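Each remark here refers to the structure printed beneath this line.
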Amino acid sequence: MSLPTLVVLCVAFSFGMIQMPALFKKKLKREAWAYFALLSAGTAFSIYAANVQPVPSPLNALITIYEPINQFFDRLLSP
């Protein structure tokens with residue numbers, strides 16, 4: 001395990017240990033699960049980025065989806 005991964009995991013664990021008991025004490029279980037899910041997703045993306053992996057842009061997915069639509073309207077509206 002690399003040092004950046006270990007640092008990200010320690011920071012995420014400390015954030016979780018600070019927030020989760022308070023949420024469960026207030027009986028906010030739904031919010032606690034949402035917090036856990038978002039913290040887990042953020043931790044995964046941070047580990048991925050900390051290990052200098054290129055993070056794919058969401059714009060590439062939009063381009064893939066809208067390119068055929070753009071070509072269709074281009075052919076439809078061209079004289």
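Conditions tested, residue by residue: (1) modelled with pLDDT of 95 or more; (2) part of a helix (DSSP H, G or I); (3) touching a Lys or Arg at 6+ places or on another chain (Cβ under 6 Å).
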{"residue": "Lys27", "(1), (2), (3)": "no, no, no"}
{"residue": "Ala32", "(1), (2), (3)": "no, yes, no"}
{"residue": "Tyr35", "(1), (2), (3)": "no, yes, no"}
{"residue": "Leu38", "(1), (2), (3)": "yes, yes, no"}
{"residue": "Ala44", "(1), (2), (3)": "no, yes, no"}
{"residue": "Ala49", "(1), (2), (3)": "no, yes, no"}
{"residue": "Gln53", "(1), (2), (3)": "no, no, no"}
{"residue": "Leu59", "(1), (2), (3)": "no, yes, no"}
{"residue": "Thr64", "(1), (2), (3)": "no, yes, no"}
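Name the pairs whose Cβ atoms lie under 6 Å apart, with the first residue in region 50-68 and closer than 30 Å to Val11 by Cα, the second hydrophobic (A, V, I, L, M, F, W, C), and 6 or more positions between them or separate chains?
Ala50/Val8; Val55/Ala49
Mind counting the residues in region 23-45 that are among the small types (Gly, Ala, Ser) and in contact with a helix residue (DSSP H, G or I) (Cβ under 9 Å, 6 or more places away or on another chain)?
Counting residues in region 23-45 that are among the small types (Gly, Ala, Ser) and in contact with a helix residue (DSSP H, G or I) (Cβ under 9 Å, 6 or more places away or on another chain) gives 3.
The values are calculated or read from the model by the stated rules, or taken from the named source; none is laboratory data. Here the structure is a predicted model, which means the values were calculated and not measured. When we count neighbours, we look across all protein chains shown, and the Cβ atoms used for this are built from the backbone with ideal geometry, even at glycine.
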